[in-house]
1. What is the number of the single condition among (1) in contact with a His (Cβ under 9 Å, 6 or more places away or on another chain); (2) under 24 Å from A:Cys138 (Cβ atoms) that A:Glu25 does not meet?
2. If I filter segment D:73-100 down to residues being touching a Leu at 6+ places or on another chain (Cβ under 8 Å) and not acidic (Asp, Glu), which single residue comes out as surrounded by the most Cβ atoms within 10 Å (Cβ to Cβ)?
3. Among the numbered conditions (1) surrounded by 13 or more Cβ atoms within 10 Å (Cβ to Cβ); (2) more than 19 Å from B:Ile259 (Cβ to Cβ), tell me where B:Asp211 comes up short.
4. Could you tell me whether any residue of segment C:126-134 is buried (at least 23 other Cβ atoms within 10 Å of the Cβ), in contact with a Cys (Cβ under 9 Å, 6 or more places away or on another chain) and more than 20 Å from D:Pro59 (Cα to Cα)?
5. Please determine, by comparing only the residues of segment A:126-165 that are touching an Asp or Glu at 6+ places or on another chain (Cβ under 6 Å) and outside any helix (DSSP H, G or I), which one is farthest from B:Asp46 (Cα to Cα).
6. Considering only segment A:67-95, state which residues are within 20 Å of D:His73 (Cβ to Cβ) and either more than 11 Å from chain D (Cβ to nearest Cβ) or part of a loop (DSSP other than H, G, I, E, B) (or both).
7. For segment C:290-306, give me each residue that is within 13 Å of chain D (Cβ to nearest Cβ) and farther than 15 Å from C:Leu26 by Cβ.
8. Any idea how many residues of segment D:294-310 are in a loop (DSSP other than H, G, I, E, B) and surrounded by 24 or more Cβ atoms within 10 Å (Cβ to Cβ)?
Number of protein chains: 4
Amino acid sequence: MSDQQGMDFLDGVPSNWGRWGEDDELGAVNYLTNEQVLRGIRAVEDGETFALGLPIGRPEGDPVWPGRDGTNHYMDRDKGHYESGKATAHGRAQGADDVVHMPLHGTTHVDAPGHIWYDDEMYNGFDANTTKGGLDRCSVDTLGDHGILGRGVLLDIARHRGVETLEPGARITLDELRECAAAQGVELEQRDVPVLRTGWLEQYYDEDGIDIYEGKFREPGLTHSEELLEWFHEREIPAFGTDTIANEQTISDETGTPIPLHAGLLRDQGVVFNEMLDLSALAEACDESGRYAFFYVAAPLKFVHGTGSPVNPLAVR
Amino acid sequence: MSDQQGMDFLDGVPSNWGRWGEDDELGAVNYLTNEQVLRGIRAVEDGETFALGLPIGRPEGDPVWPGRDGTNHYMDRDKGHYESGKATAHGRAQGADDVVHMPLHGTTHVDAPGHIWYDDEMYNGFDANTTKGGLDRCSVDTLGDHGILGRGVLLDIARHRGVETLEPGARITLDELRECAAAQGVELEQRDVPVLRTGWLEQYYDEDGIDIYEGKFREPGLTHSEELLEWFHEREIPAFGTDTIANEQTISDETGTPIPLHAGLLRDQGVVFNEMLDLSALAEACDESGRYAFFYVAAPLKFVHGTGSPVNPLAVR
Amino acid sequence: MSDQQGMDFLDGVPSNWGRWGEDDELGAVNYLTNEQVLRGIRAVEDGETFALGLPIGRPEGDPVWPGRDGTNHYMDRDKGHYESGKATAHGRAQGADDVVHMPLHGTTHVDAPGHIWYDDEMYNGFDANTTKGGLDRCSVDTLGDHGILGRGVLLDIARHRGVETLEPGARITLDELRECAAAQGVELEQRDVPVLRTGWLEQYYDEDGIDIYEGKFREPGLTHSEELLEWFHEREIPAFGTDTIANEQTISDETGTPIPLHAGLLRDQGVVFNEMLDLSALAEACDESGRYAFFYVAAPLKFVHGTGSPVNPLAVR
Amino acid sequence: MSDQQGMDFLDGVPSNWGRWGEDDELGAVNYLTNEQVLRGIRAVEDGETFALGLPIGRPEGDPVWPGRDGTNHYMDRDKGHYESGKATAHGRAQGADDVVHMPLHGTTHVDAPGHIWYDDEMYNGFDANTTKGGLDRCSVDTLGDHGILGRGVLLDIARHRGVETLEPGARITLDELRECAAAQGVELEQRDVPVLRTGWLEQYYDEDGIDIYEGKFREPGLTHSEELLEWFHEREIPAFGTDTIANEQTISDETGTPIPLHAGLLRDQGVVFNEMLDLSALAEACDESGRYAFFYVAAPLKFVHGTGSPVNPLAVR
């Protein structure tokens, strides 16, 4: 992506810096108090659970942001090791062991609040120098300590538009979120975790699907607007998820710059981006039942100094 | 560990093979139906949540099974990369990215049902040859698809004994589980997820704690007995966790062999081992409140062909 | 590549099995005795040295066999680590440290004799089962212990044809080797290390070059023929190198199968394949001087159980 | 190691900065001209060759600097993969492939000139900021492009002292180098590559050997002295090697600081440190024959931005 001037569009945007004290490294997930956990639980009806994480390390490949590596999986020990004498059994028992070489943002994951910064300051004003060699501030283990539990709401934008997938680069507006919720008959409430379905990553796995890497890589999604940032801020949205790699338009229709919401939402408000969700089964169930709210439970791994973490979020309904 | 004879103690032990069909790869987690999810939720009172995963990749080190590697964390990009010209900013925004090299059993994790086998057969009779190059059967992604949600019960064996930690190699019996539950005033119910606190791994982090690697490595824990295996089977226990690396006595007092429950419980009954939990904060809260049951939520990552997965289980109470 | 029948073309091919004893794991490099080292040295005139290894881990990418990963390079410590307090200096001195995640065949490299086998037997008849979990037999450390030193001869096939690069899939015959040597005025002698220049990989680095990955991946090169195998055998060729990834036609014009010389030369005769050489500078110097022989020195790293090793061969003339 | 004051001992030490121009990143290896290559070759008598690299990735472990990781080796494909259907054969042929996760200084290796710096300047005055994210200047690929070929001289200090190994922390002085050479009957000439044998790392591999990690880690070796630095400078020593991990006393008897020669020799003169050589067999041959000079040939791999490279140096005599 070329170097862009400006980003004046960030001047005056809503901020959560200082809201939870000058030493806060958790961000908007602070909104998810015990009360919010209970509110999320109240959305559960029959206990049906959907695991929203993607498979990791498929031999045929996984979807990744262009240029990023995928996950490599290696066996440290398997049945073969015993046959060649490289492993010795404990009596009759034998076992297999493995290791991965994995980019922390290489599958369904959350971004740590310190993942993105500008003007050398990350969320809550911490100095970007603290990222050298690993994140000292706003690292993902802080998210892992807290967990991300609350009331989730699926907004199936794809079904709302009557399509299998939004087109490359398609924009989702705040108005469309509201219209989709209304059409679905679900309330968007304070401190909800909105989960948007575009259908985009499902294409990757579909033999007959579109090639998401064809031409310029352009994901559909929300994008910067004063109105949207205000809405997130006023609604005290702690986190949001989508089934795209970056959770927003790759190049913003509004600003002409790449993924500006990572600046306006993650860096300025400390909102957690839960990216690359697998939403097809959840969407099917919501559509059939007419229920779109659920208990959203995500537990990032506590990677010390981590800029993000793979996560397998659960939607319990 | 030296090669041992026998393991006749496994003859005639309870088995869940075939219980969920000849193609089942999930194991005892099949017991955790939607109804069990609701039962787990009913244990929640105020929404207080504990994240039971250990920190991963601490510069000072993490506890690992002797011989196994720890997790290495590397920055792919940080502020320094921009300063040396190796990364170019998107307008004003900059970001950090990272990668890990991680053994899948190198931190708080679950074992896949196919992790251990004997007589060339893993859980549900699948051939151990299917482990070559990765687990084709009984791999951890199956656990990740389902999730592990149910009613968890903390059995704080350490507090019950009035100690900070059980001694190296100390044995926990089924009777002690019952006594501990009784003393704590909590019922052990059908399909519960028992979580045992020994205090063992807390020592690793305590400067004044015992050196868990001193001498022969001998963890405290449950161990093989016909009575214990019968209890797990009859009580339909889907999973259990502890704050030790292997969830059982390193060398069994009963059989004289290493970690026999991995054969009798994991391989024969398909019970999930959730190892290396961080239980000190949860135990504190349970002790203060007198409440020991909670909603146990664990979402393993869907590593294709994986023998296990790091996981950050949540205890919601 | 699809599964192919046959390979009857290997029946009756020359073999070096047993030539150096039934326990030999070194292969045709056995031919490179001290006398051969001296013969190689006699080819040196002014001491000019060319390092034939490719750069490893270029940010813009390295050429690799389709499907294989490239090398990832990570800093363990750099100046930034000191600035963020993650590293502490020794007095005034500071340092940088790094690590790679590297496929052993991912750059200029040699194949170990045990890299390829058929009918479950590798070079000298060792059982392919010994490869499980790592090569017990015919591994690359044996090559590293011995070193590969001898008289090398550049056969600049590209210049001989008057082209920058041979075309995709072009075939080089034994006759052409002889003609090229004759045209260059250099003798091909017993136990020489022939080094063939096709110009192929130079295209990868050339912005205006052909795209070596376009369409089906088809490298130019030698290929199977009874005559060629006989020539290698009778001439006691210990090793040969090219500037392609596989050292031979990707799909053989002769057999219709993929890279058959790995079977006929590596597996049956134990000939070392030194692949992915950077030959442009050496070729320039040979062309200008009319001298095509040199002291060829390659020292594979002693990776225990390794199937190959990166190597930076030197051509000293 | 604790933070040390001073290093005034570096004030006024000899320097090679600017000797080969202000843009030089190669260092003292510039001394190894074609003429030096020929001089090295003149030391060859019968072509006997010793490969001085250590084995890499032994299951039982490799010697590493305390705190540094060892090399991990994983199979990407082996016979087992075919048996479980994860790999498909090309006709009858099958193969094995692998990957390593390797610290570049984790085995026999050379340090790049930019590996160490002080006062924010590395060899030839380049800014230490250029190390962020990888070495832009004075990286190891520059060494790999040139190669390190010259006349090597073994100084078997251990035999000279009549011991199997020098003691932990023992100091080798310049006088001892001269005495050893004299006793061995070998001349130390201009631009030689001295190779010092202490016997130290041989202990690691010897079951009955001393434990090199016992107590404080203290390697024997040369150390800082004005006289020694002057000698290296005046003699135009391009590189030197030993059979220890750091090529010098761990904590200097002279300065009281850790490994000061990395500052005085590597940083100020650009001298290459070839560390962790395996010298026992070479020493045996030199002792028996009375010949101590040889053709020293080392070809570091061209790791882009690398701070060092594994290498398997050859001693040809």
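1. Among (1) in contact with a His (Cβ under 9 Å, 6 or more places away or on another chain); (2) under 24 Å from A:Cys138 (Cβ atoms), A:Glu25 violates only (1).
2. Once the filter is applied, the top-ranked residue is D:Ala96.
3. (1)
4. yes
5. Looking at residues that are touching an Asp or Glu at 6+ places or on another chain (Cβ under 6 Å) and outside any helix (DSSP H, G or I), I get A:Lys132.
6. A:Asp69, A:Thr71, A:Asp78, A:Ser84, A:Gly85, A:Lys86, A:Ala87, A:Thr88, A:Gly95
7. C:Phe294, C:Phe295, C:Tyr296, C:Val297, C:Leu301, C:Phe303, C:Val304, C:His305
8. 7
The values are calculated or read from the model by the stated rules, or taken from the named source; none is laboratory data. Quick caveat: nothing in here was measured; it's all calculated off a predicted structure. Cβ coordinates were reconstructed from backbone atoms using ideal geometry, including for glycine residues, and neighbour counts include every protein chain displayed.
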